[in-house]
1. Does Glu42 count as within 26 Å of the chain's Cα centre (by Cα) and in the same structural domain as Cys193 (by the TED database)?
2. Consider Gln110 carefully, then state whether it is under 24 Å from Thr72 (Cβ atoms), open to solvent by 20 Å² or more (accessible area, probe 1.4 Å), in the same structural domain as Gly214 (by the TED database) and not acidic (Asp, Glu).
3. Just to check your reading of the model, which residue among Glu274, Glu252, Glu266 is surrounded by fewer than 19 Cβ atoms within 10 Å (Cβ to Cβ), assigned to a loop (DSSP other than H, G, I, E, B) and either of a type outside the set (A, V, I, L, M, F, W, C) or touching a Lys or Arg at 6+ places or on another chain (Cβ under 8 Å) (or both)?
4. Looking at the stretch 289-366, what strands (runs of 3 or more DSSP E) fall wholly within it and have at least 3 residues that are surrounded by 15 or more Cβ atoms within 10 Å (Cβ to Cβ) and either out of contact with any helix residue (DSSP H, G or I) (no Cβ under 7 Å at 6 or more places or on another chain) or modelled with pLDDT of 95 or more (or both)?
5. Have a look at Leu67, Leu57 and point out the one that is open to solvent by less than 10 Å² (accessible area, probe 1.4 Å), among the aliphatic types (A, V, I, L, M) and in contact with a helix residue (DSSP H, G or I) (Cβ under 7 Å, 6 or more places away or on another chain).
6. Tell me yes or no: at least one residue of the stretch 171-181 is modelled with pLDDT of 95 or more and in a strand (DSSP E or B).
Amino acid sequence: MQAKVVDLRSDTLTKPTPAMLRAMSEAVVGDDVYGEDPTVKELERRVALLTGMEAGLFVPSGTMGNLVAVMTHCDTRGCEIYVGEHSHIAQHEQGGAAQVAGVMVNAIPQLPDGTFDLGELGSRLKSDWLHEPFSRLVAIENTINGKAAPRSWIADVVELARERNLRVHCDGARIVNASVATDMKVADILKGCDSVSVCLSKGLGAPVGSVLCGSAQFIHRARRTRKVLGGGMRQSGVLAAAGLVALQDAKERLSADHKNCRMVAEALASHESEDFGVDLATTHTNMMFVKVRQTEAWDAYKFVARMQQVRDEKDPRDLTLVRGLALSPNLVRFVFHHDIDEEMARAVKDKITCVLREAKIQNNVG
């Protein structure tokens, strides 16, 4: 009964703030399919300005934003796109590019910093040979598993794309996190990209929605694509209002998330455990990935389970139930967000200390 729960499975778990709920209840709305919702239009304008693009399109989710982008860029049957093998498009969207859009996805091995080799990309691009698909789009992701992509690499991707007559889309679900981590404006990070999808319901904390941005002509065509996918909402200003609030003070709130994540990661690393580790060099934003060495006693799933248990009620460090996500037998993800304050982050740090000391004792006994 004394235990408290800290849920770090994802930053999608945030609850709307009182300011968001108030804005939603007071939103001025209209029919957005007719282009008559002033709150949606203001959100689209605001995010387009943030990203340095001409126009924006409010969509229900980041997955739809990416799919609309792929379908709009790849408007000829038989197209191929190029993505990192660990990207959201490749791993977590049900293969929608192929399933819905009829687009081939060519997944390129990713490097530890989240980029992929441009020589490898170049070797996979197709000519106009009749036996091959049309090379049409390169899709990058920023952040990728919490890592901010280097601006120099993005510039190289854009340069290669221009040389080969390709378009560049950025899955920028957490692009504002990247902006805070690198102290660069979002528009500067995206310079040269043709489109970007910005999620409002992850680090920014809104309950629903993403905004797809690009040129005015691209967004005009994307609006038709959104419609066929069932993404044309009506009085969606009720949702857009929360997105507008989410954009306010985003830098300050995300900075706190990054700081909390870094504090816990450094604490874990300080144990210098042979069984549990974290790469501080790639812990850029609000995501901490714990590498777990598989033994008879431990793996990632057992570590996640233990973090949600209390075994010693007399130890105050153990009186926190921490929820994480085991991605494989060797890897656990913890994601910090604005519902997790510094006190809660310190409780997570103490819990990890408790569990790692328990594991060390088990190893010594073994």
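1. Details: within 26 Å of the chain's Cα centre (by Cα): yes; in the same structural domain as Cys193 (by the TED database): yes.
In short, yes.
2. Taking the combined requirement at face value, the residue does not satisfy it.
3. Only one candidate passes the filter, namely Glu274.
4. Details: elements: 320-323, 325-328, 331-335.
Of the strands (runs of 3 or more DSSP E) lying wholly inside the stretch 289-366, those with at least 3 residues that are surrounded by 15 or more Cβ atoms within 10 Å (Cβ to Cβ) and either out of contact with any helix residue (DSSP H, G or I) (no Cβ under 7 Å at 6 or more places or on another chain) or modelled with pLDDT of 95 or more (or both) span 320-323, 331-335.
5. Details: Leu67 fails: open to solvent by less than 10 Å² (accessible area, probe 1.4 Å).
Going through Leu67, Leu57 in turn, just one is open to solvent by less than 10 Å² (accessible area, probe 1.4 Å), among the aliphatic types (A, V, I, L, M) and in contact with a helix residue (DSSP H, G or I) (Cβ under 7 Å, 6 or more places away or on another chain): Leu57.
6. Looking only at the stretch 171-181, we keep the residues that are modelled with pLDDT of 95 or more, and these are 171-181.
Cutting the leftovers down to in a strand (DSSP E or B) gives us 171-172.
Checking the stretch 171-181: at least one residue is modelled with pLDDT of 95 or more and in a strand (DSSP E or B).
To keep it simple, each residue is scored yes or no on (1) among the small types (Gly, Ala, Ser); (2) surrounded by fewer than 24 Cβ atoms within 10 Å (Cβ to Cβ); (3) over 18 Å from the mean Cα position of the chain (by Cα); (4) farther than 24 Å from Ala90 by Cα.
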| position | (1), (2), (3), (4) |
| --- | --- |
| Arg174 | no, no, no, no |
| Lys191 | no, yes, yes, no |
| Ser195 | yes, no, no, no |
| Leu204 | no, no, no, no |
| Pro207 | no, yes, no, yes |
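The values are calculated or read from the model by the stated rules, or taken from the named source; none is laboratory data. Since we're looking at a predicted model, the values are computed, not measured. Don't worry about glycine lacking a Cβ; one is built from the backbone with ideal geometry, like all the others, and counts go over all protein chains shown. Calculation scope for accessible area: heavy atoms of the full protein, side chains included, ligands and nucleic acids excluded. Shrake-Rupley method; radii C 1.70, N 1.55, O 1.52, S 1.80 Å.
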